[in-house]
Every structure is written in C-alpha cells, then in structure tokens.
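Remarks on the structure that follows.
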Amino acid sequence: MKTSNNNNLKQGALFSLFITSYVPLFFILIVEQLNDGWDYLYWGGWSEESIKCFLSHFGMSVMLSLLSITGIVGIIVLLHNLKSNLKNGTKVKVTKISNRNNEAIGYIATYIVPFLTSDFSNWFESSIFIFVMVLIYSIYTKSNMILINPLLGIKYSMLEVEYMVIGDKAGVTHDALIITENKNFKEDENYQLYQIGFKLYYGKARHES
C-alpha cells in the first residue's frame, strides 16, 4: 500500500484518521435520518420497491455506519502500531511546548457543523456532501490536519513543540506537532518521538513504560 507524498502513513491509516475525525458528525446524521424515517423502518420484504424505499431513507446512514466502523477499527490498529514502533523513534529533549488542542474546536466549527442541516433523503445534497468530503480528504492527507481529530482528542493531546535531538552536539532545535497520551507534558524533559509525517510525530515521555 502506498504512502502519501507528504507523510509516512499509508493511505489506509490516513483514511482511518480522516473518517474518525468525522465520526461525531456521522453519528448525529445517522440519528437524525433514523428519526426522520422512523415510519419507514419496518420489514417490507425483498421487493425492488422496498429496497429502493430503504435506500432512499436510510442509504446514507448505512454508508456512514460502515465508514465509521472501518475508520474506528483502522485507528485502533494504527495507534497500536505507533506504540509498537515508538521504540524505533528519536530520543529528544523538549525545550518549548504549546498546547494545540483548541484546533479540534476550530475543526468542528469549520468542517462538521455546516453539514448538520443536510437532508440526505435528497440525492442532490447527498452527492454534494460526498463531493465536498472527497475534496476535504484530498487536502487533509497533505497537511498537518491529519492530527486534528475530535475523537482522538478524547484521549490524546496535540502539542506544538521545539526539541533538540539527544546526542546532537550542535544543539540545533527543531519544531514539530505531536500527538501524545501524556496529559502533563513538561519542558526540559526527555521524550521519544516517532515520525509519522513532515514535522508530525507520535510521542511519549521516556520515563513512562
């Protein structure tokens, strides 16, 4: 499987990160569509008419449910692999930290809220939704947006850091965005960073198991 030009993650991992960033929206849209079409949610046999009726009222919910399950399974595998690969990362000393968790709020307001009023029983709006999602995905996979994920934000923090590689006698500082489970990242401490993209890392304090 090929990797993206701007990062070290495979396309499957990028897809999982993108999909899970929209899982909160998908959940709301599924609930809304089920509520709006509740009167049509009954067994009508396997006739062509009943299948068309089901897809008309619940087709988008089925698609979003399958995407959500695929994304969540993919992100679980990705995080497991990142933890396993962290031992191959770079030992660094973090000299400056800025919390970037607020990026997830901006992401929700910009890329999620506008879709809340969409009517997916209308095939035109469904097509527009899919087109916009594909467009956002193409941008998402080529930028540091891959770390902006409201679902990951429940457990992980996103930080902007400056660091020095331990053993580098020149003492050159580098900057990066990292995701970490650590809630009390501190300056002037040693960490392990595993690169997942251009200036994008998965990190952990070295004193933790």
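Results, tabulated for the structure shown:
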| quantity | calculated |
| --- | --- |
| Candidate set from the range 118-142 (those that are outside any helix (DSSP H, G or I) and at pLDDT 80 or above); member that is nearest to V23 (Cα to Cα) | T141 |
| Qualifying residues in the range 121-153 (those that are surrounded by 13 or more Cβ atoms within 10 Å (Cβ to Cβ), among the small types (G, A, S) and more than 15 Å from the chain's Cα centre (by Cα)) - the one farthest from P24 (Cα to Cα) | S121 |
| One residue from Y191, Y201, Y163 being in contact with a His (Cβ under 8 Å, 6 or more places away or on another chain) and assigned to a strand (DSSP E or B) | Y163 |
| Check on T180, touching a residue at least 40 places away in the same chain (Cβ under 8 Å), touching a Ser or Thr at 6+ places or on another chain (Cβ under 9 Å) and polar (S, T, N, Q) | no |
| Pair list, Cβ under 6 Å, 6 or more apart: the range 128-153 residue more than 16 Å from N101 (Cβ to Cβ), other residue part of a loop (DSSP other than H, G, I, E, B) and of a type outside the set (A, V, I, L, M) | F129/S118; T141/S4; K142/N6 |
| Selection status of Y107, part of a helix (DSSP H, G or I), under 15 Å from the mean Cα position of the chain (by Cα), modelled with pLDDT of 75 or more and at negative phi | no |
| Candidate set: the range 154-167, residues that are closer than 16 Å to L82 by Cβ and not hydrophobic (A, V, I, L, M, F, W, C); chosen: the one surrounded by the fewest Cβ atoms within 10 Å (Cβ to Cβ) | K155 |
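The values are calculated or read from the model by the stated rules, or taken from the named source; none is laboratory data. Source: prediction; values computed, not measured. Positions of Cβ are backbone-derived with ideal geometry, glycine not excepted, and every protein chain shown enters the neighbour counts.
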